[in-house]
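Okay, so here's the structure we're looking at.
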Amino acid sequence: MTKSKSTVAKPYQLLQIENNRLKERIIALESEVKGRNSSVVDVPNEKLNADSRIFELVKHKDKALTEYSERMEQKARELESLVQELNSRNDELANGMAVLRLYQMMFENEPTGIVGMDKDGRVIQFNSAAVKYLGVSLHSLRLRSIGELRVEGAEDFDFEDLFERAIDSDEDVLSEFVVADKTINLRCYRLDDPAGLRGIVMRISD
């Protein structure tokens with residue numbers, strides 16, 4: 001934050017230095033003109049007119065630079081406010097990402113297999129435990145229908161039928177299949193929000 005503020009402030013600080021230099025020039029010219037007006041020595045009108053024009057030009061330049069400097073300062077304040085807002089949003093994003101990573105770790109380390117499907121039955125997400133129960137072929141089904149899943153040793157099990165029954169039910173739908181004398185339990189349920197059905201979650205355990 002300090003670095004950004006210093007970088008922004010530099011241009012108008014230089015303008016302020018220039019303004020001070022011009023003010024000193026104006027004061028010097030004013031003193032010179034007053035001195036000439038009070039002197040007993042006659043100064044040609046052409047010289048006085050030239051000095052007057054220089055004086056007015058310097059005053060005009062000083063006013064323009066002062067206004068520009070003020071606008072630069074205002075822009076710098078606005079930019080600093082924007083930087084603070086962006087830093088705040090970055091902090092919020094970082095916190096959000098930390099929460100998402102935590103949820104992802106919890107999801108991956110859950111001992112129960114979890115498969116998430118959209119409302120059309122396409123496999124959207126699953127964890128490592130689901131692969132352990134259903135086989136590595138699950139990897140090839142991402143964004144494809146759960147009905148295409150075939151578990152080695154239980155090829156006849158109809159996952160599409162299980163999905164359809166879960167879609168039509170307000171209660172959990174239970175099922176099971178047997179692989180190598182081990183019973184694999186399945187529980188499917190709807191995932192709804194105020195907008196309606198979002199998908200189906202299938203939990204797998206033994």
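Data for the structure
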item	result
Tally, over the range 109-163, of residues that are more than 19 Å from residue 173 (Cβ to Cβ) and not in a helix (DSSP H, G or I)	12
Residues of the range 90-117 that turn out to be in contact with a strand residue (DSSP E or B) (Cβ under 7 Å, 6 or more places away or on another chain) and exposed (fewer than 15 other Cβ atoms within 10 Å of the Cβ), as a count	1
Any hit, the range 194-202, residues being exposed (fewer than 15 other Cβ atoms within 10 Å of the Cβ) and at pLDDT 90 or above	no
Any hit, the range 125-133, residues being on the phi > 0 side of the Ramachandran plot and without any contact (Cβ under 8 Å) to a residue 24 or more places away in the chain	no
Residue in the range 149-206 that is nearest to the chain's Cα centre (by Cα), counting only those that are more than 19 Å from residue 121 (Cβ to Cβ) and β-branched (Val, Ile, Thr)	184
Any chance residue 134 is at pLDDT below 95, out of contact with any Gly (no Cβ under 9 Å at 6 or more places or on another chain), within 18 Å of residue 201 (Cβ to Cβ) and surrounded by 14 or more Cβ atoms within 10 Å (Cβ to Cβ)	no
Single residue of the range 148-181 satisfying the filter (surrounded by 12 or more Cβ atoms within 10 Å (Cβ to Cβ), free of Cβ contacts under 8 Å to residues at least 40 places away in the same chain and β-branched (Val, Ile, Thr)) that is nearest to residue 200 (Cα to Cα)	173
Among residues of the range 118-130, those that are under 23 Å from residue 206 (Cβ atoms) and buried (at least 16 other Cβ atoms within 10 Å of the Cβ), counted	5
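The values are calculated or read from the model by the stated rules, or taken from the named source; none is laboratory data. Everything numeric here is computed off the predicted structure, so don't read it as measured data. Methodologically, a virtual Cβ is constructed for each residue, glycine included, from the backbone with ideal geometry; neighbour enumeration extends over all protein chains shown.
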